[in-house]
1. I'd like to compare 76-88, 116-128: which one has the highest average count of other Cβ atoms within 10 Å, and what's the full order after that?
2. Can you run phi through the Karplus equation (6.51, -1.76, 1.60; θ = phi - 60°) for region 49-56 and list ³J(HN,Hα) in whole Hz, with x for Gly and Pro?
3. Just want to confirm a number: the relative contact order over the chain, from Cα pairs under 8 angstrom separated by 6+ residues, in percent.
4. Quick check on the chain: helices-only [θ] at 222 nm, where DSSP H runs of length 4 and up contribute -39,500 (n - 2.57) each and the sum goes over total residues. Nearest 500, please.
5. Considering only protein heavy atoms, what per residue accessible area in square angstrom results for the chain with a 1.4 angstrom probe?
6. Could you tell me what a quarter of the Cα convex hull surface of region 69-155 works out to, in nm² with one decimal place?
7. Computed from the coordinates I sent, P(r) over Cα pairs in 10 Å bins from 0, in percent equals one of (1) 9, 37, 38, 13, 3, 0; (2) 9, 20, 12, 9, 8, 7, 8, 9, 8, 5, 3, 1, 0, 0; (3) 9, 31, 28, 17, 10, 4, 1, 0. Tell me the label.
8. Seen from all sides and averaged, what is the projected area of the convex hull of the Cα atoms in region 1-90, in nm²?
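The values are calculated or read from the model by the stated rules, or taken from the named source; none is laboratory data. Everything quoted here is computed from the prediction, not taken from an experiment. Using ideal geometry, Cβ is built from the backbone for each residue, glycine included, and neighbour counts are taken over all protein chains shown. What goes into the accessible areas is simple: the full protein's heavy atoms, side chains included, and nothing from ligands, DNA or RNA. Shrake-Rupley method; radii C 1.70, N 1.55, O 1.52, S 1.80 Å.
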Amino acid sequence: SLLATAAVHHHLIRTGRRMKAALVVETGDVHEVHQVACLLGYGIGRRASGFARRLVSPESLDRVAQLAGRHGNWAMVLCRPVPVLAEASVLFAGVVRAPFGRFLLVTTFSNLGISLAYAASGAFSMHVDSLLLAFSGAVALPALAFVATRLATRHVSPQRRRGRREKP
């Protein structure tokens, strides 16, 4: 919808009619699609947990459970804007049987935050009349979330990642 709005905006500027028209874009459906996809991913992860446990090593499942235990809801929040981590986090939430109510609340507010960030980036790029800035924001926001996720998990020692605590 952002690209379509940008195209109409630039066409109206070129034809000299932009000041006579207002653009209103409704994008509430994107949030609902995100939520349906989250629910489907959680359900698939929950129903196929035996199959997933055969595909994924026990160490990987332990790492996911430790990440969720250590960072709680923030693990899901930080994974939501990153494309591959978003889908994996939803599936693994189902596999490790995260509480459904908490999962639903966290993903709903995370999706709202993501939508808000993209909307703000798009509005700013439209304000400065730069489609390149809109594209840069669409790439930069997931990259920033990925870096934040890496920084949040970086301080954990390799022994604690494997579930072993260092003895003092």
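1. Order by mean packing, descending: 76-88, 116-128.
2. Per-residue couplings from phi come out as 5, x, 5, 5, 5, 7, 7, 9 Hz.
3. 27 percent
4. -25500 deg cm²/dmol
5. With all protein chains present, the chain gives 67 Å² per residue.
6. Mean orientational projected area (region 69-155, Cα hull): 5.9 nm².
7. The listed entry that was calculated here is (3).
8. About 8.1 nm², averaged over all directions.
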